[in-house]
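Single-structure report; data block below.
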Amino acid sequence: MSLPGLMCATLFKHLPDGVFLIDPETSCVLDCNEVALKHVGMERSEILNQSVLKLHVEVMGLDQWASLAQAVRAVEHLVFVVHHRHKSGAEVPVEIKTSHFWQDGREYFLSIARNISTRQAQERAGHRDEAQLRYALNEALDGLWDWNLQTDEVFFSPQLARMLGYGPSEMTPHRDTWSANLHPEDALWVRKVLQEHIDGQRSRYNAEYRLRNRNGHYIWVHDRGRVCEHNDDGQPIRMLGMMRNVTDQKTMELTLQAMASHDPLTGLLNRREGEQVLDRQLELCRRLAVPMGMCFFDLDHFKRINDEHGHALGDKVLQRVAQTISHEVRSTDALFRWDSDEFLLLCVDTAESDLLVLVEKLRAKIAATHWQDLGQLPGITCSFGVAVFPDHADNADNLFVAADSALYRAKAQGRNRVEVAPKNTPAAAAAQTSDNK
């Protein structure tokens, strides 16, 4: 062996880091040094001519290998942090530096793998903020980003790219890659929170929002970070952050919120939510000195429908009534399923005359609805009781009592009609008290 060849062999053998010579097409290990074998606890026969994917925890399958290979070819040296599988089953954190070269018309990858277990332990034990943040971010299940505020270049970790459905080199390393995929309803707020942190108004950047992935679908992410470097003038020039996929948690949270405030059968707001909305809206109308209309209504002879046709069909009737009314009321109105076949409608800034026009329209719409597709159902009608603040009552409890009493008068006088509560006068209040005894 020549002196240069001997020197190369000696260096290869005694380098402190693991060295792998890899076939880019097959991902197979063509050669490795003794340190590489020691780091993973394997014999040479267990690694040579085997896919390097056997060692990688994060990179799975030839599709991901092809993306990684493309990234290696695109730069002089590609550096990334992964975990190698030890023969014992442990996972060894390694920093990989991979380059590509050609020899005798054949392409090769040369990967230098540095065991960073000790370095990470030191970082964990240290008190340097950035070192601790770097460790936490590199260990994150989802992703790390590193933003150069002067050039708007952003490093997106392979974990972050994978979370969004991209290969390791497919995300353009620029702020626009992130910004362009913010949900339109969240974008303004998220940019504001981010800028406030950069300007020093917030100690950290912390936001939960929707981000579009490679397939065009939005996922919920929890994104947080902070400025970690300033120039000589004290201006921020670099930010580090971590993004975590919280879609499952957010979906569960929204589902529980909807269950707490909505009726599961009709999808309308429920009575619990209605009582809170009634108090808030009435107080608002009181402050603004505007009227608020209330309409309390239910289905005529609904018990007969359940008894003769079954509760399953009765549920479908309630759903259709709710849908019909929902399509007719205004976006500013609030409709609630109150109890069984009872519904409540609140109309802010609505006088008695306008409320009567709307409610009469609703009554006629229900009466004209066809039900043949649900079986041999007779025509279905509703009775309506109307009251308006402050004409008929001066608080929420009295307004509800007034509308409820008007509803019962509508049913007593033949059903399928609209009745209005008496005016809120001393004589009317006395008469109403007498009727309720």
Note to self: Just to be sure I understand the filter: pairs with C-beta atoms under 6 Å, separated by 6 or more residues or on different chains, first member in segment 102-129 and more than 22 Å from H14 (Cβ to Cβ) and at pLDDT 90 or above, second member part of a helix (DSSP H, G or I) and β-branched (V, I, T). Which pairs pass?
What the structure shows: none
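Any idea how many residues of segment 61-105 are polar (S, T, N, Q) and over 18 Å from A161 (Cα atoms)?
Residues meeting the conditions: 4.
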Check: Can you name the condition, by its number, that T350 falls short on among (1) over 18 Å from Q319 (Cα atoms); (2) touching a strand residue (DSSP E or B) at 6+ places or on another chain (Cβ under 7 Å); (3) outside any loop (DSSP other than H, G, I, E, B); (4) among the hydroxyl-bearing types (S, T, Y)?
Finding: (3)
Item checked: Residue satisfying all of: in segment 225-238; closer than 13 Å to G200 by Cβ and assigned to a strand (DSSP E or B); most open to solvent (accessible area, probe 1.4 Å) among these -> H230
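Taking the condition more than 19 Å from Q281 (Cα to Cα), open to solvent by 30 Å² or more (accessible area, probe 1.4 Å) and in a helix (DSSP H, G or I), does A322 pass? Please lay out each step first, then the result.
Values: more than 19 Å from Q281 (Cα to Cα): yes; open to solvent by 30 Å² or more (accessible area, probe 1.4 Å): no; in a helix (DSSP H, G or I): yes.
So A322 fails the test.
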Margin query: If I filter segment 77-96 down to residues being loosely packed, with under 14 Cβ neighbours inside 10 Å and among the hydrophobic types (A, V, I, L, M, F, W, C), which single residue comes out as nearest to G41 (Cα to Cα)?
Written below: A90
Item checked: Criterion: open to solvent by 60 Å² or more (accessible area, probe 1.4 Å) and acidic (D, E) - qualifying residue of D333, D404, D373, D341 -> D373
Check: Can you name the residue in segment 289-306 that is without any contact (Cβ under 8 Å) to a residue 24 or more places away in the chain and assigned to a helix (DSSP H, G or I) and, of all such residues, is surrounded by the most Cβ atoms within 10 Å (Cβ to Cβ)?
Finding: N306
Checklist line | Residue check for F101: touching a Phe, Trp or Tyr at 6+ places or on another chain (Cβ under 8 Å) and open to solvent by 20 Å² or more (accessible area, probe 1.4 Å) | finding: yes
Check: Just a yes or no: is a residue in segment 202-218 part of a loop (DSSP other than H, G, I, E, B), over 21 Å from L160 (Cβ atoms) and not hydrophobic (A, V, I, L, M, F, W, C)?
Finding: yes
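Please tell me if L284 is in a loop (DSSP other than H, G, I, E, B), surrounded by fewer than 18 Cβ atoms within 10 Å (Cβ to Cβ) and touching a residue at least 12 places away in the same chain (Cβ under 8 Å). Quick ask: steps written out before the conclusion?
On the way: in a loop (DSSP other than H, G, I, E, B): no; surrounded by fewer than 18 Cβ atoms within 10 Å (Cβ to Cβ): yes; touching a residue at least 12 places away in the same chain (Cβ under 8 Å): yes.
No.
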Checklist line | Filter pass, L265 being within 26 Å of D333 (Cα to Cα) and in a helix (DSSP H, G or I) | finding: no
Margin query: Out of everything in segment 143-172 that is open to solvent by less than 40 Å² (accessible area, probe 1.4 Å) and assigned to a strand (DSSP E or B), what residue ends up being nearest to Q195 (Cα to Cα)?
Written below: W147
Margin query: One residue is enough: does segment 182-196 have a residue meeting the conditions in a helix (DSSP H, G or I), at pLDDT below 90 and out of contact with any strand residue (DSSP E or B) (no Cβ under 6 Å at 6 or more places or on another chain)?
Written below: no
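The values are calculated or read from the model by the stated rules, or taken from the named source; none is laboratory data. Note that the structure is a prediction, hence the values are computed from the model and not measured. Quick reminder, even Gly has a Cβ in these numbers, built from the backbone with ideal geometry, and neighbours come from all protein chains shown. The area values use the complete protein model at the heavy-atom level, side chains included, leaving out ligands, DNA and RNA. Shrake-Rupley method; radii C 1.70, N 1.55, O 1.52, S 1.80 Å.
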